[in-house]
Amino acid sequence: LFGKYYFASGLGINGTHIDEEDTAYYDILNVKCLSNENVEFFLSGIECTRMEKVEYISNFSETYNWLNVCVGNDSCNCRVCNKCIRTMTALDSIDKLDRYKNVFDVEYFYKNRTVLLGKMLKMMKNKTIKI
């Protein structure tokens with residue numbers, strides 16, 4: 001079906017270490033373990049931080065209507081999961097969230113910005129999300 005698969009890195013290379021709680025910290029090792037004679041896995045974007053990735057994709061108009069980061073919903077962004085909040089916050093920090101009004105509930109974000117930023121800080125403190 002396919003011979004090469006590019007897996008999106010969640011973290012930059014500087015974040016690589018063994019962590020019993022989260023395999024994302026050592027994706028660079030995991031993708032090599034998944035490769036075999038039929039398919040080769042590659043880690044894509046490990047040279048960038050998450051914020052650099054957000055800035056990069058925000059320059060492509062195709063993403064304005066098609067970006068889906070949600071872990072809670074397959075068909076749209078839910079606005080309340082960690083990935084949705086983190087992505088909306090990142091886009092807001094570079095003044096590009098409005099471009100994504102067709103895929104995120106931007107009005108909800110602005111109305112609840114303080115609460116959502118507080119939730120992000122709490123998740124960061126508890127290490128339940130990575131920036």
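Out of Asp27, Asp98, Asp74, any idea which swings most in a Gaussian network model of the chain, alpha carbons joined below 10 Å?
Of Asp27, Asp98, Asp74, the most mobile in the Gaussian network model is Asp74.
Would you compute, from DSSP H runs of 4+ residues alone, the mean residue ellipticity of the chain at 222 nm, taking -39500 (n - 2.57) per run and dividing by the full residue count, rounded to the nearest 500?
Calculated mean residue ellipticity at 222 nm is -11000 deg cm²/dmol.
Counting only GluC sites (Glu not before Pro) that are in a DSSP loop and have at most 15 other C-beta atoms within 10 Å, tell me the longest site-free stretch of the chain.
Working: sites that count: Glu20, Glu21, Glu37, Glu47.
Longest gap between qualifying sites, sites excluded: 48-131.
Accessible area per residue of region 2-131 at 1.4 Å probe, in Å²? If you can, show how the numbers build up before the last one.
Numbers: 8660 Å² over 130 residues.
That works out to 67 Å² per residue.
Relative to the Cα centre, what is the charge dipole magnitude of region 1-74, using +1 at the beta carbon of each Lys and Arg, -1 at the beta carbon of each Asp and Glu, and rounding to the nearest 20 debye?
I would put it at about 220 debye.
What is the ratio of the Cα radius of gyration of the chain to 2.2 N^0.38 Å, where N is its residue count, to two decimals?
Output field value: 1.14.
Considering only Met124, Ile46, Tyr5, whose Cα is most displaced toward the positive end of the charge dipole of the chain, charges sitting on Cβ of Lys, Arg (+1) and Asp, Glu (-1)?
With unit charges placed on the Cβ atoms, the residue in question is Met124.
When the dipole is taken about the Cα centre of region 15-131, and only Lys, Arg (+1) and Asp, Glu (-1) are charged at their Cβ, what size is it in debye, to the nearest 20?
660 debye
Roughly how many percent of the accessible protein surface of the chain is carbon and sulfur, given a 1.4 Å probe and a whole-percent answer?
Roughly 54 percent, rounded to a whole number.
Sort out the exposed loop chymotrypsin sites (Phe, Trp or Tyr not before Pro) in the chain (DSSP loop, at most 14 other Cβ within 10 Å) and tell me the longest stretch that has none.
Segment 61-131 is the longest.
The values are calculated or read from the model by the stated rules, or taken from the named source; none is laboratory data. All values reported here derive from a predicted model rather than from experimental measurement. FYI the Cβ positions are ideal-geometry reconstructions off the backbone, even for glycines, and counts take in every protein chain you see. Only protein heavy atoms, including side chains, enter the accessible area calculation; ligands, DNA and RNA are left aside. Shrake-Rupley method; radii C 1.70, N 1.55, O 1.52, S 1.80 Å.
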